[in-house]
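Novice: Input: one structure, supplied below.
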Amino acid sequence: MSWPRPGSPHPEVANRTRAVGPPRWVFVPAAAGAVFVVLPLAAIIARVRWSGFLALVTSDSSLAALALSLRTSATSTLLCVGLGVPMAMVLARTSFPGQQVLRSLVLLPLVLPPVVGGIALLYTFGRRGLLGHTLEVLGIQVAFTTAAVIMAQTFVALPFLVVSLEGALRTSGERYEAVAATLGAGPTTVFRRVTLPLVLPGLAAGAVLSFARSLGEFGATITFAGSLQGVTRTLPLEIYLQREVDPDAAVALSLVLVLVAVLVIGLVRAGRAA
Amino acid sequence: MKRWAASVVAVLLIGTAAGCGSGRSSGTSSGSPSGSPRQTLTVFAAASLTSTFTKLGREFEAAHKGVKVSFSFAGSSDLVAQIEQGAPADVLASADTKNMDEAVSAKVVENKPVAFASNTLEIAVPPDNPAGVTSLKDLATPSTKVVVCAPQVPCGAAARKVEQIAKVRITPVSEEQAVTDVLTKVESGEADAGLVYLTDVRAAGGKVKGLTFPQSSSAVNTYPIAALKKSKHATLANDFVNLVTSTEGRSVLAAAGFAAP
Amino acid sequence: MTVFELSATVRHRGLHVAFSVGEHEVVALLGPNGAGKSTVLSVVAGLLRPDVGHATLGERVLFDVGRPGASQASFLPAHRRSVALLAQQPLLFPHLTARDNVAFGPRSAGRSRAESRAIATRWLAEVDATQLAHRRPAQLSGGQAQRVAVARALATDPGLLLMDEPMAALDVAVAPTLRQMLRRVLADRAVVIVTHDVLDALLLADRVIVLENGHVVEDGPTSQVLARPRSAFAAQIAGLNMVRGTYDGRGVRNPDGLLIEGLTEDRVDPGDSAVAVFRPSAVGVYTRPPGGSPRNVIDVTVTELEPHGDQIRVRTAELSADVTAGAVADLDLAPARRVVFAVKANEVAIYRS
C-alpha cells in the first residue's frame, strides 16, 4: 500500500526472479482452504433454478430489498468514511493516556456478534434506550426506520475502515507531513493535500470492506431496525425470510448478493489499477 | 506492515467465527439421565414448544430408564428442511399443519400426524400500554407502532387471516421473521403492540400484557406431531408421541396456555 | 548582519547549543554521528520542542520556552516559521508531479494555482530540472529527485533553509553536479547545512560549526577551521593528524605523556592547552627509530591500510601516515604490526585550542 520509493527493487522484477518460495507442503492446506471458501459459492450456483431466476430476482420484494441494501450500504459507507477517517487520524497520529483501551473499544464490533451490536444499539437509541428520551423530545424516532438500518450497518462496518486506514496511516509515515509543514502548509492543508492522497489506497480498501460488511449486515439490522419491505428489509433479511416459503428465491437472491459483492470488489480493483 | 496485515486477518477470522455463531440455530436441551443412557431419542420441535417439551422430555426420561431425550428447537420450516436433508430425528412436532404437510409429502413421516395442541393469537402490549390499545381495531391507528410476523411465517399468516376477518387494516412498522422477534420488540417498548401467540404472552411473564380479541378464534394454529420414518427407535418415538397426546401431556401444554386441538 | 539566532537545550538528547547565522551566510554544521546535528535542525524547523531556549529569525520569535521568569512560552508551529527543511531523502510527495511538488509551498502560502505554477517553473529551471516538470517522483533518479526537492524548498522563499546531508543518499557520481547547483542557488541566502563531507563545507559554506556530544566545539570561517582545526572531528574531516594536550615550552604533551614538538604559529605559553597538527603525508614510517634531523618519534600499532589517492594510508588508533605502495611492501606493513611514525618538527603546527 506504499508508494514505490526510488532505489527499492521494482516489484515485478522481484516477482520474476523469486527463487525462494514457500515450502511446498503449504499448498495442501492452502488449496483446502480455497476449496472450503469457493465450493459453497459453486454450490449456490449449482442450486439456482435458472428457469425462474429472472422472475424471482426481479419481483417487487427482491428489487425493493436490493435497492434498499445498495442505498443503505452506500450511505453507511459514506458515514464510515466521514467518521472513520478522523478516528484513524487520532489513533495513528496522536498519543494520549488510554489510547490503547479506546482503540480496543472502537474495534470491538469486529469481534462482537452483530446481534449483540443490535441489542446495544436498541438500548442506546431505542425508544426506552439511553438516548431514546432525548431523541423523542427532539422529534427523532430511529427504530423501524431506514436510518436504523444505516446505523446498524455503520456500527458493524466502521471498525473495518478504521483498522485498514490506521494501518495505512502508520505505514505511510509522518515524514511527508513534516516536510509539508516546513513548506508552510497548515495542518488542514497537510491533511487534505498530503496525508489523504498518500493513504488513498488504504482508504479505498477500507471503504470497500465497510461497504461489503454493510451489504451483508443481518444480525444487528434484524435486532435493531426490524424488517419491512422497502424500509428496513435489506437483501440479507429478504433472503432469510424467503427461505421460509421459497428456498429457490432465497438461493437466487443469495447469488445476486454474491454478484453485487464481487462487482464492488472488482470495480475498486480496476479503479486502483488504473 | 506484514504484522499489521496478519493481525487484521486474525481479527477478521475471529469476527467471522463470532458472526457464524450468532445465527438463530437449534438449541439442544436434555434432562438429567438416571444411570448411563444407552439410547437417545431425538425430537425436532417448533421453537414455541421449548419449555413444555423440555418438561415432557424429563418426564419421559423418568419413565424410560436409560433413555435420553435430545431436542432441537427451531422454526418449523427449518426443521422440516433439515429432516429432508437427512438430519437424524425420531420425532417432529411442528407449529402448523402446513409444514407438517410438507414433511408428509416428502415421505419422511412414519404415521399419520396427530394434532396435539392449538394456539391462538393475542395482542401483546407493554405492561404500561403506552398507546392505550384495547381492541384489534386500535392496531389500525396510524400513530400506533405495531409489529407482526411476516406473512411468510405461520404467525404472520394467522395475523393476516384475523385482519381479513375483522376487516381491520394494520400497517405494521415491521414484519418480523419469528414470533419471538415480535415479542422482544414489544417487551423492549420499541413497539406499542404486536400480534403473538397466547402461549408467548404467558411465557413472557409480566413483561408484556396480553389482550384477547374475539376474531382470534378464526385463526387457530394447530400443532401436529409424528414419528419419523428414519427413526432407529420406532417404539420410543411412538411412546413420546403418546406421552404428548396423553392427559399428562395435555396438562403440561395447557399450563403453558396451549388449547386442545 | 545576523538574521537567525538560536539557543536550545533538549535534555533527553543531551543537546545544548547556541549559534547564529548571518543574513547571506551558509553555515556548515559538522560533527560525528549522534552529535545532535539533526536534532538541531528539528528544533529549528519546529518538529521538536526544546526544553529550554529561544530562537529568532529576522524580527520573528520562533520559540521562547522554558526560561525562568519569562511571562509566557511561545512556540511557532512549523508551517508558520518560514524555515524550509531539505532532508537526506528528497521526500517528494509521490502523488504529485515534480512541478506540483515545487508549487506546493506557494499554494500553501495562498498563491493562485497559476502563480504557483509559474514560480515552480522558474525554480525548476533554476535547478536544471525543467524537463522533469511533468514526471512523478517514482520516475526520477535520486539526483533528479533531490534537485526537485531543492527547488521545492527554495520556492517557498524561506527565511532560513535547513539541509540535512542533502548529498548523503546520492551516487558519488551525481553529488558534484548537485553541489555545483547548490553553490549557485544558495548564494545570498541564510542556510544551515548538516554534512559529513569536507567538500560540502569547503565549496558551500562560509562558516563551519562543529558539534560534538551535543555541544558546539568549534565555530569559525571554513578555511580557518579546516586549516587549523581545534576539534578532533574537524581535524579528521580536514584529513589532518591532531594531538591534543598541554604546551610545555617545547611541544604539546598529551595525557599519555607523548610529546610532539613543532612550530608555534601564534603566542602559546607553557601550560596552555594546545593542539599539534600535521598532515599524514609528512609522516614517515619506520620499523625502528630513525636517526638524523630532529624528529618526533611515536610508537604505534597499524590498525588498517587503505588506498588514498595514489598512496596508501596507514591508520593507527589515533594517527595516520601516507606512504607509497612500494614502502608498504618493503616494510611489510599489515594490521597489528608495530611500527614507528616519525614527523619532522617543522612539519607540525602548534596552536592554542
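Since every read-out is calculated from the coordinates, none of them should be taken as a lab result. No experiment lies behind these values; they were computed from the predicted model shown. All Cβ positions, glycine included, derive from the backbone under ideal geometry; neighbour counts span all protein chains shown.
Novice: Between rounded, prolate and oblate, where does segment C:80-123 land on the alpha carbon gyration tensor, with a ≥ b ≥ c its root eigenvalues, rounded for a/c under 1.5, else prolate if a/b exceeds b/c?
Specialist: Numbers: a/c = 1.97, a/b = 1.24, b/c = 1.59.
The shape class here is oblate.
Novice: Okay, helix-only estimate at 222 nm for chain A: each DSSP H run of n ≥ 4 adds -39500 (n - 2.57), divide by all residues, round to 500 deg cm²/dmol; what do you get? Show your work: numbers first, answer last.
Specialist: On the way: 14 runs with 195 residues, N = 274.
Estimated from H runs of four or more residues: -23000 deg cm²/dmol.
Novice: Would you mind ranking A:89, B:100, C:163 by Cβ crowding within 10 Å, fewest neighbours first? Don't skip to the answer; put the middle values down first.
Specialist: Numbers: A:89 18, B:100 24, C:163 27.
Sorted ascending by nearby Cβ count, the order is A:89, B:100, C:163.
Novice: Quick check: from the Cα gyration tensor, does segment C:249-290 come out rounded (a/c under 1.5), prolate or oblate? Show your work: numbers first, answer last.
Specialist: Working: a/c = 2.62, a/b = 1.69, b/c = 1.55.
Judged from the Cα gyration tensor, segment C:249-290 comes out prolate (a/c at least 1.5, a/b above b/c).
Novice: Kindly identify chain B as rounded, prolate or oblate by the Cα gyration tensor criterion: order the square roots of the eigenvalues as a ≥ b ≥ c, call it rounded if a/c is under 1.5, otherwise compare a/b with b/c, prolate if a/b is larger, else oblate.
Specialist: Working: a/c = 1.89, a/b = 1.17, b/c = 1.62.
Note, shape of chain B comes out oblate.
Novice: Sort C:13, C:81, C:147 so that the residue with the fewest other Cβ atoms within 10 Å of its own Cβ comes first and the one with the most comes last. Don't skip to the end; give the middle numbers.
Specialist: Details: C:13 18, C:81 23, C:147 26.
Going from least to most buried by this count: C:13, C:81, C:147.
Novice: Show me, for segment C:99-104, the HN-Hα J-couplings you get by feeding each phi into the Karplus relation (A = 6.51, B = -1.76, C = 1.60, θ = phi - 60°), rounded to Hz, glycine and proline as x.
Specialist: Per-residue couplings from phi come out as 5, 5, 4, 5, 6, 4 Hz.
Novice: Moving to a separate point now. With everything on Cα atoms, drop me the angle between helix C:175-185 and the longest principal axis of chain C, reported from 0 to 90° to the nearest 10.
Specialist: Helix C:175-185 sits at roughly 60 degrees to that axis.
Novice: Can you give the helix-only mean residue ellipticity at 222 nm for chain B, where every DSSP H stretch with n ≥ 4 adds -39500 (n - 2.57) and the sum goes over all residues, rounded to the nearest 500 deg cm²/dmol? Working shown, then result.
Specialist: Values: 9 runs with 101 residues, N = 261.
That calculation yields -12000 deg cm²/dmol at 222 nm.
Novice: Follow-up. Sum up the charges of everything whose Cβ sits under 12 Å from the Cβ of residue A:121, counting Lys and Arg as +1 and Asp and Glu as -1, but leave residue A:121 out.
Specialist: Net local charge, residue A:121 excluded: -2.
Novice: Across peptide A:183-194, how many C-beta atoms of other chains are within 10 Å of each residue C-beta, on average? Present the calculation step by step, with values, prior to reporting the outcome.
Specialist: Values: counts 18, 17, 8, 5, 3, 0, 5, 3, 0, 0, 7, 5.
For peptide A:183-194, the averaged partner shielding equals 6.
Novice: Which order do C:100, C:219, C:299 fall in if you start with the one that has the fewest other Cβ atoms within 10 Å?
Specialist: Details: C:100 21, C:219 15, C:299 11.
Placing the least packed residue first, the sequence is C:299, C:219, C:100.
Novice: Counting Lys +1, Arg +1, Asp -1, Glu -1, what net charge surrounds residue B:215 among other residues with beta carbon under 14 Å of its beta carbon?
Specialist: Values: positive: B:137, B:160, B:161, B:167, B:169; negative: B:122, B:138, B:163.
Result for the neighbourhood of residue B:215: +2.
Novice: For segment A:170-217 and segment C:204-281, what is the separation of their Cα centres, given in Å?
Specialist: Using only Cα atoms to place each centre, the spacing works out to 52 Å.
Novice: Quick check on chain C: helices-only [θ] at 222 nm, where DSSP H runs of length 4 and up contribute -39,500 (n - 2.57) each and the sum goes over total residues. Nearest 500, please. If you can, show how the numbers build up before the last one.
Specialist: On the way: 9 runs with 85 residues, N = 353.
So the calculated ellipticity at 222 nm is -7000 deg cm²/dmol.
Novice: Quick one: compute the contact order of chain A, relative version, from alpha carbon pairs under 8 angstrom and 6+ residues apart, as a percent. Each step should come with its number before you reach the end.
Specialist: On the way: 289 pairs, mean separation 79.8, N = 274.
This gives 29 percent for chain A.
Novice: Return the FRET efficiency for the residue pair residue B:202, residue A:83: r is the Cβ-Cβ distance, R0 is 45 Å, and the value is rounded to the nearest 0.05. Don't skip to the end; give the middle numbers.
Specialist: Numbers: r = 44 Å, r/R0 = 0.99.
Between residue B:202 and residue A:83 the formula returns 0.50.
Novice: What number results when the radius of gyration of segment C:2-233, computed over Cα atoms, is divided by 2.2 N^0.38 Å? Don't jump to the answer; show the numbers that get you there.
Specialist: Numbers: Rg = 17.7 Å, N = 232, 2.2 N^0.38 = 17.4 Å.
Ratio of Cα Rg to 2.2 N^0.38 Å: 1.01.
Novice: Over chain B, what relative contact order in percent results from Cα pairs under 8 Å that are six or more residues apart? Show your work: numbers first, answer last.
Specialist: Numbers: 490 pairs, mean separation 63.3, N = 261.
For chain B, the relative contact order is 24 percent.
Novice: Packing-wise, with mean Cβ within 10 Å as the measure, how do C:43-56, B:123-136, B:192-205 rank, highest first? Intermediate values should be presented prior to the final figure.
Specialist: Details: C:43-56: 20.4, B:123-136: 18.0, B:192-205: 23.4.
Packing order, densest peptide first, comes out as B:192-205, C:43-56, B:123-136.
Novice: Then there's this: Over the Cα atoms of the protein assembly as shown, what Rg and Dmax result, in angstrom?
Specialist: That works out to 41.9, 135 Å for Rg and Dmax.
Novice: What is the distance in Å between the Cα centres of segment B:193-255 and segment C:295-338?
Specialist: 104
Novice: Can you tell me the dipole magnitude for segment A:52-273 around its Cα centre, using point charges on the Cβ only (Lys, Arg +1; Asp, Glu -1), in Debye to the nearest 20?
Specialist: Numbers: 14 positive and 10 negative charges, 141 e Å.
My answer is approximately 680 debye.
Novice: Ok, one more. Averaged over its residues, how many other protein chain Cβ atoms are within 10 Å of peptide C:83-95's Cβ atoms?
Specialist: Values: counts 2, 4, 5, 2, 4, 0, 5, 3, 7, 3, 9, 10, 8.
Across C:83-95, the average partner-chain Cβ count within 10 Å equals 5.
Novice: For q values of 0.12, 0.16, 0.19 Å⁻¹, compute log₁₀ I(q)/I(0) with the Debye formula on a Cα-only model of segment B:121-218, without solvent.
Specialist: -0.29, -0.53, -0.77
Novice: With 31 Å as the limit, write out which pairs from B:68/B:161; B:161/B:185; B:112/B:167; B:161/B:207; B:55/B:207 have Cα-Cα distances beyond it, or answer none.
Specialist: Working: B:68/B:161 40 Å; B:161/B:185 22 Å; B:112/B:167 36 Å; B:161/B:207 26 Å; B:55/B:207 22 Å.
Those over the limit are B:68/B:161; B:112/B:167.
Novice: From other protein chains only, count the Cβ atoms within 10 Å of every residue's Cβ in B:143-152, then give the mean. Don't jump to the answer; show the numbers that get you there.
Specialist: On the way: counts 0, 0, 5, 0, 5, 0, 1, 10, 3, 7.
Taking all residues of B:143-152 together, the mean is 3.
Novice: Could you list which residues have their amide H under 5 Å from that of residue B:197, counting only those 5 or more apart in sequence or on another chain, with H placed in the peptide plane?
Specialist: B:122
Novice: Tell me, what is the Rg over Rh of segment C:239-352, with Rh the Kirkwood radius over Cα pairs? Mind showing how you got there, number by number?
Specialist: Details: Rg = 14.2 Å, Rh = 14.4 Å.
Value, to two decimals: 0.99.
Novice: Now a separate question. Apply the Kirkwood formula to segment A:52-273: the hydrodynamic radius equals the inverse of the mean of 1/r over all pairs of different alpha-carbon atoms; give it in Å with one decimal. If you can, show how the numbers build up before the last one.
Specialist: On the way: mean 1/r = 0.0529 Å⁻¹.
Taking every pair of different Cα atoms in segment A:52-273, averaging 1/r and inverting gives 18.9 Å.
Novice: Let me ask another. To the nearest 20 Debye, how big is the dipole of the protein assembly as shown about its Cα centre, given +1 on the beta carbon of each Lys and Arg and -1 on that of each Asp and Glu? Numbers along the way, then the final one.
Specialist: Numbers: 83 positive and 70 negative charges, 232 e Å.
Using only the charged Cβ atoms, the result is roughly 1120 debye.
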